[in-house]
Structures are given as C-alpha cells and as structure tokens.
1. Which of the peptides 184-193, 117-126 is most tightly packed, and how do the rest follow, judged by the mean count of other Cβ atoms within 10 Å per residue?
2. Points 7 angstrom from Cα along the Cβ direction at Thr154 and Met98: gap in nanometres?
3. Given Cβ point charges of +1 (Lys, Arg) and -1 (Asp, Glu) and nothing else, what value in debye, to the nearest 20, does the dipole of the chain about its Cα centre take?
4. Under Stokes-Einstein, with the Kirkwood radius over Cα pairs standing in for Rh, what whole-number D in µm²/s applies to the chain at 10 °C and 1.306 mPa s?
5. What FRET efficiency, computed as 1/(1 + (r/R0)^6) with R0 = 22 Å and r the Cβ-Cβ distance, is obtained for Arg177 and Ala207, rounded to the nearest 0.05?
6. Treating cross-link reach as a plain straight distance, find the lysines whose alpha-carbon is under 30 Å from the alpha-carbon of Lys197, omitting any fewer than eight places away in the same chain.
7. Obtain the nm distance between the two label points defined at Val264 and Asp45 by a simple spin-label model: each point lies 7 Å from its Cα along the Cα-to-C-beta direction.
8. For a bin width of 5 Å, list the pair-distance distribution of region 49-191 built from all Cα-Cα distances, rounded to whole %.
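We did not get these values from a lab; they are worked out from the coordinates using the rules stated. The structure displayed is predicted, hence computed values, not measured ones. With ideal geometry, Cβ positions are generated from the backbone for all residues, glycine too; neighbour counts draw on all protein chains shown.
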Amino acid sequence: MDHAPSQHETGWDVRQRIRRGAWTQPTQGMAPGYVQANLAILPRDLAADFQRFCMLNPRPCPLLATSEPGDPSLPTLGNDIDIRTDIGTYRVWRDGVMTEEVHDIAHLWRDDLVAFLLGCSHSFEEALLADGLRLRHFDEGKAVPVYTTNVPTTPAGPFHGPLVVSMRPFRPAEAIRAIQITSRFPSVHGAPVHIGKPEMIGIHDLAKVDAGGVVTVAEDELPLFWACGVTPQAVVAASKPPFCITHAPGCMLVTDLLNSRLAVF
C-alpha cells in the first residue's frame, strides 16, 4: 500500500496509484480540486432505461458521462481512464445481490457493458470547506453518514427503489450558507433534499447508518440531508438486474475535471 494521500496529487496521479493496486481505500481527500465520480455499470440492453432513470432523478444520479458499449475509456472525464482498473474497490451485483468486492474488473468486462459516471458530494464538500464551514465527519475522522429513506425515486423501465441520502449537521445560520453553496453545484447533487426532522423521510435513529460513520449532532444543530450517489446501489437491490457493477461506497473514480468548473453562478 502506498503512502497517505498527497495534497499535490492530480486525478491522473491517483488513478495510476489505484491501477497498480497501491490504493484500494476510499478516495475522500485525494487529489484536492478534482471531480470524483460514482459508478454504475450495466449491460447495454438496460442502458437506455438506466440513463432515463438518471434523467428523471438528477439529484441522486447527476450524470457526468456515459461510456460506449464495451469501451472502458471515458475521454470526457480524463486522459487514459480505464474504468476496469481505476477504482480502488468495486462491488459486483447479480440479480440484485452484492456477491463480491474486487479491486479490478478486467476479468468481468464484456463487450456489452456500459459505464455510467455520476457526480459525487466530495466536490461540493470542497466548496463548503473553502467557505469556512466545518464538516463533522471530517472533524471526527469518519466517512459521511449515509441513510436509506422511505422516499421513492422516479421509476424508469425496470429501475426503481428508495432515495439514499448523506447527512451533515449545521447550526441554522451555517445551514443557510451550506444550502446556498451547494445549490451552485447541481451536477454533484446540488442543495439538500431535506432539512431537520429525519423521521419524515423514514430515518428514525441517526445512530443507525446504512453506510459511513455515526457523527455527533448537537442540540443546536439541524441535520441536512443531501441526495447520495449510493442511491443506484439501493435501486439495483430493489430492481434486481441480472448483472451490475458499482463502486464500493467512498471508492470513487478521480477524474481530470476541476470542481471549480462545475459551479453554476
């Protein structure tokens, strides 16, 4: 395993480390300034329906790029990307069940597979930090808490399932600023989808996460919930396509795109 992430790495640097098997962990904090992306890979006969699903659900599934069938490159996202090797840990799904986690999917690649890359909250988190807002999961050295809600996504073809959200707590004045900042980044989930009262979206205990870590929420803070790129995995579990590959939570594709280019003013 390589050294800890460097603040001077580029997206290309990180992909090279991952490709040679030197990094298999989450990519949070790696290659500051560069866009990171969630992954879903599906057979071509399901690709049109999944693309429509993303278009109907842009908050949890903001589509950054789609590969050509059988082509592992993604030239609009970066130089020399190979989606078969450039994510640290992949999840393999069969009939809606996650059957294994692997660090390379070259042996699973087929000529009919299409890769979908979706925006990731790591991009808007950089903007929050740059504005001086603190992120509790960073302060406590944890992954962001992730919850499955009772809010349904808009179905498309066979694809359906619940919305998944990530949570960050803020005091009210900070919450307003966080909403303003993240609303400028619609291609990486945008503004929160819910504020306060987690029980209204089916979250009855913030200490029971579906992924990530449990963080402290003070009495004078509101939990803010953003649509999360883990949503496609909940959709795969509900829809049960015969075959699918996703990233493992937190293990993103680090692209050559700059976060600053995603902001909408």
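1. Values: 184-193: 21.1, 117-126: 25.2.
Ranked from most to least packed, the peptides come out as 117-126, 184-193.
2. The modelled label-to-label distance comes out at 2.8 nm.
3. Values: 22 positive and 29 negative charges, 71 e Å.
The calculation lands at about 340 debye.
4. Values: Rh = 18.5 Å.
Result for D is 86 µm²/s.
5. Working: r = 27 Å, r/R0 = 1.20.
Taking R0 as 22 Å, the efficiency between Arg177 and Ala207 is 0.25.
6. Straight-distance partners of Lys197: Lys142, Lys208.
7. 3.6
8. Taking every Cα pair in region 49-191, the percentages come to 2, 8, 13, 18, 20, 17, 12, 7, 3, 1, 0.
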